[in-house]
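Undergrad: The structure follows.
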Amino acid sequence: MFNYEDRLSFPNREIDLLTIGDLLVDMISADYDENVDCDTYNRYFGGSPSNIAMNVSKLGIRALVASTVGDDGLGKFLVKHLEEQGIDTRCIQQANHATSMVVVTKSKKTPVPIFYRDADYHLAYTPELDQALDSAKIVHFSCWPISMQPARGTMERVIEKARKQGAIIGFDPNYHPMIWAKGEDGVEYVKSIIRQVDIVKPSEVDAERLFGADSYENQLERFLELGAKLVVMTLGEDGALVSNGKETLKFKTMATEVIDTTGAGDAFWAGFYSSLVKGSTIREALQAGFAVSAFKLKYTGAVANLPRLEQIKEMYQLV
């Protein structure tokens, strides 16, 4: 269990945050349309763990991405984008498969994605990835790399080593049946992963997909019963509920303007992790995460041009 006033003590390691999983292209509509009738879509850098790494780099901590892209123009676009932001790409693998893509119609609610997967789930456990795990304070991943082989086997080795190394493990339980291998019980597998991690951040949609319809409080309890030490359930415009198994906190949204919800959860993770690494208490880090998410909501695309964390905290009167 994490106490809200705790400041986490991290070992002296080179990498503040290692994110592992999908690096892909987001094709986002130029217009809002709940019926997917838009004609124009624009290309953006995407993939949740990669978005988080991009964000934390802007906020002021050190990140490394481990992902797989295709040997094609879209893969080169993604790697170049990381390099231009000063992110180490030594753990980006190249596969003889097409770079994965998600098509998103812009929404002021939860956007409904369409998935085109190929290269992203061919992540291998390489010597470079093994070395990165030795050097990481925090390891983060989502449901994407555990949803299909061979990446799933890689992630099982990653989790095992991260636990032995004493790294904090964060997991985005963003279960969606459309990304899962056909014929498999993805829900039960995700539950088995929750038992092995420290922090989870489901949305209310994620929670319902995993546990069925229920009250938010009961949903929180289900995650805790599975073994998570800290559960952050985001509720869109209704804010968030957070539980450490002893006390439940309610956070109101800090958003004053919503242009695009894509990547809002990634922005939260980035603010939260960056604040923890910089020495904040868990309560302060949660507030910083919501502030970064509110800032991102004002911009289109999964990754906004974030200022340093200290500036965002000042904007939202957290300092």
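Yes/no per residue for (1) open to solvent by 30 Å² or more (accessible area, probe 1.4 Å); (2) among the polar types (S, T, N, Q); (3) within 30 Å of GLN317 (Cα to Cα):
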residue	(1), (2), (3)
GLY166	yes, no, no
PRO173	no, no, no
GLY183	yes, no, no
GLU188	yes, no, no
MET233	no, no, yes
LEU241	no, no, yes
THR253	yes, yes, yes
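Undergrad: Looking at the range 255-279 only, could you name the residues that are open to solvent by 10 Å² or more (accessible area, probe 1.4 Å) and within 25 Å of ILE20 (Cα to Cα)?
TA: Selection gives THR261, THR262, GLY263, ALA264, GLY265, ASP266, VAL277, LYS278, GLY279.
Undergrad: Here is a follow-up. Scan the range 143-192 residue by residue and report those that are more than 18 Å from ALA124 (Cβ to Cβ) and within 16 Å of the chain's Cα centre (by Cα). Quick ask: steps written out before the conclusion?
TA: Initially, the range 143-192 is screened for residues more than 18 Å from ALA124 (Cβ to Cβ), giving 143, 163-180, 182-192.
Answer for the range 143-192, where residues must be more than 18 Å from ALA124 (Cβ to Cβ) and within 16 Å of the chain's Cα centre (by Cα): CYS143, ILE168, ILE169, GLY170, PHE171, ASP172, PRO173, ASN174, TYR175, HIS176, ILE179, VAL190.
Undergrad: Continuing with this model, one more query. What residue, among those in the range 57-88 that are in contact with a strand residue (DSSP E or B) (Cβ under 7 Å, 6 or more places away or on another chain) and in a loop (DSSP other than H, G, I, E, B), is nearest to ASP39 (Cα to Cα)?
TA: ASP71
Undergrad: Name every residue in the range 123-171 that is in a loop (DSSP other than H, G, I, E, B) and either out of contact with any helix residue (DSSP H, G or I) (no Cβ under 8 Å at 6 or more places or on another chain) or of a type in the set (Ser, Thr, Tyr) (or both), in order of residue number.
TA: Result: TYR125, THR126, SER135, SER147, GLY166.
Undergrad: Does the range 109-159 hold any residues that are of a type in the set (Lys, Arg), in contact with a Lys or Arg (Cβ under 7 Å, 6 or more places away or on another chain) and free of Cβ contacts under 8 Å to residues at least 60 places away in the same chain, and which are they?
TA: none
Undergrad: From the list SER57, SER9, SER29, SER50, which residue is farther than 16 Å from VAL104 by Cα and modelled with pLDDT under 90?
TA: SER50
Undergrad: Among the residues of the range 240-259, what is the count of those that are touching a residue at least 40 places away in the same chain (Cβ under 8 Å) and closer than 12 Å to TYR216 by Cβ?
TA: Adding up the residues that qualify gives 2.
Undergrad: Is it true that some residue in the range 57-70 is of a type outside the set (S, T, N, Q), buried (at least 20 other Cβ atoms within 10 Å of the Cβ) and over 17 Å from ASP266 (Cα atoms)?
TA: yes
The values are calculated or read from the model by the stated rules, or taken from the named source; none is laboratory data. Here the structure is a predicted model, which is why all the values come from computation and not from measurement. Here Cβ is always computed from backbone atoms with ideal geometry, including for glycine, and neighbour counts include all displayed protein chains. Areas reflect the complete protein model, heavy atoms only, side chains present, ligands, DNA and RNA absent. Shrake-Rupley method; radii C 1.70, N 1.55, O 1.52, S 1.80 Å.
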